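Values in this text are rule-based calculations from the coordinates and carry no lab data. Quick caveat, the model's predicted, so the values are computed rather than measured. As a convention, Cβ positions derive from the backbone with ideal geometry for all residues, glycine included, and neighbour counts pool all protein chains shown.
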Amino acid sequence: MLDKKSENPWKPEDEGDHFPIVKEWWTIETIFKTKEDDRKWNLVSSFSYKNDEKTCFFQYILFDISSKKYVAYKDIDNEIEKLSFSKNKVDLVYEKSSIKGLYPNYKIHIEDPKNKLIADIDYKAKSLPHWVAQNHTNGFLPIGLNYYRYGFLPNCDLSGTLKLKEKKYDIIGKGYIEHAYGNFLYKKPLKHIYNLKKTLSIYIKLGKWWLSENKPKIPQKIKFTSENNLFGYDWIWGVFDNNWSIFFGNSMFWISEGPSFGALYLTQDGKNYLEFCNLRFRYLDSNYIKKYDMYYPKDIEITGILKDKKIKIRFLSITESYEYIDPYEKDKFFKAWVLCELPAKMVGYYKDKKRKINLEGDCKIVLLRVPSFFGHNSLNLNFLLPPKGLGLTIEIDSHYLKKQIISNIQIAPKPRFKINCKKMKKDYISK
């Protein structure tokens, strides 16, 4: 549906901290060019705290997109007192780095003496902020037995300077800000119950929204993988060349091809948002982390339908990826918390009753995966549907069992049953 509100839904108290809540973070994304050499870059930075553990976390990563690699980064956990934050405004400081401001203006300063990096960036919002599921839950999302609130500002003009090593550049481009907070833990979403009644109401509201947009039907194909469990997500932000901006968030439910249980947000004018909930996605290519026997996508295609509107976009990684891995030391089932960052390009189209518009632009893909000790396992279901026939093909790949199983059951036009089971070769597993 089209968002009926055309005013800023964020109040100052929304932008500032919500301490002593359990977990809270602020993240900025940027895609910009250096004027001196017309090179393209991506800088991401996050400031967060976990009140239950009395810790904070700071991260930045600088990608030189033109060179297809990341060139500077820092990930650090510290005592919670090392991060300062304030009520009723964005006022974050960790060591020499900071984010300050209130909608529509923000100032970002990222400084890392070790890597000889200083970035000073001014943001000027060109769109209104938006809460995820704003028309349904006003930004509240469930996670395990608890919930959190998630808001984003997808289109800002940015300008400033970047100093790297001994060179200083003037920069211009696009930026994004998000803010989320709640009484939950990613690693232990079932450990505590803070407000089960509200959590259940959020699940119900989101379920009703999804069912209202998705007609029950048997898909032609659906694929499940062990990496895409409940503890991960797919996340994409981008701005098209025509200044439309897009945001996509997907909850996994083990699906790696088929219906999405997330939402895609498109704003053309920066004021009104189209919220696509009828979505299908598939991975066209993936990277592999051998140590954790897990795949994550680097090429994603998403198709969305909203009444008479349709959007189809391909998001394709164009650099090496940055993998932040936090190993689980004592967990009996899961190996690690893996966050993958991939600058990307996007190309596709939007159409409605009046027009079809081709779209392309720059974007960022971020993927969270929590691989288990069972490694990569997949189940692929292909349905043969009328009028072509009636049947089902089942494909199972199990790295844990080192087996491939393909079974075909067909009722029409000609009944048949076939099953093939073979041992998986070692060189196949790492492909």
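Details
- Set against the labelled values [x] 36, 25, 23; [y] 47, 28, 25; [z] 56, 24, 18, semi-axes √(5λ) of the Cα gyration tensor in Å computed from this structure falls on [x].
- Local electrostatic count, Leu284, Cβ distance below 14 Å [Lys/Arg +1, Asp/Glu -1]: +3
- Computed about its Cα centre, the charge dipole of segment 377-429 is approximately 240 debye, with only Lys, Arg, Asp and Glu carrying charge at their Cβ.
- Prolate/oblate/rounded call for segment 102-151, Cα gyration tensor, a/c under 1.5 rounded: oblate
- Choice from Thr137, Thr303, Thr393 with maximal GNM fluctuation in the chain (Cα, 10 Å cutoff): Thr393
- Dividing the summed -39500 (n - 2.57) terms of all DSSP H runs of n ≥ 4 by the residue count of the chain sets its mean residue ellipticity at 222 nm at -1500 deg cm²/dmol.
- Measuring nothing but how far apart in sequence close Cα pairs (under 8 Å, 6+ apart) lie, relative to its length, the chain scores a relative contact order of 11 percent.
- Positive-end extreme of charge dipole, the chain - chosen from Leu83, Ile110, Phe373 (charges on Cβ): Phe373
- Segment 1-195 - convex hull of alpha carbons, volume per residue in Å³: 129 Å³
- Taking the Cα centre of the chain as origin and assigning +1 to Lys and Arg Cβ atoms and -1 to Asp and Glu Cβ atoms, the resulting dipole is close to 1980 debye.
- Lysine pairs in segment 1-52 whose alpha-carbon atoms fall under 29 angstrom of each other, counting only those eight or more residues apart or on distinct chains, come to 4.
- Percent antiparallel among DSSP beta bridges (both partners in segment 1-195, rounded to 5): 100 percent
- Spatially, segment 342-414 and segment 117-181 are offset by 30 Å when compared through their Cα centroids.
- For the chain, a Gaussian network of Cα nodes joined below 10 Å ranks Leu92, Leu401, Leu316 by mean-square fluctuation, and the top entry is Leu401.
- A straight Cα-to-Cα reach below 12 Å connects Lys335 with the aspartates and glutamates Glu227, Asp293, Asp326, residues fewer than 8 places away in its own chain not being considered.
- In segment 377-429, the C-alpha radius of gyration followed by the widest Cα-Cα span (Dmax) gives 13.2, 40 angstrom.
- Semi-axes of the equivalent ellipsoid for segment 214-373, Cα gyration tensor, largest first, Å: 29, 18, 13
- When +1 charges are put on Lys and Arg Cβ atoms and -1 charges on Asp and Glu Cβ atoms, the dipole computed for segment 329-431 relative to its Cα centre reaches about 440 debye.
- Comparing Val338, Val71, Val239 in a Gaussian network model of the chain where C-alpha atoms under 10 Å apart are linked, the largest mean-square fluctuation is found at Val71.
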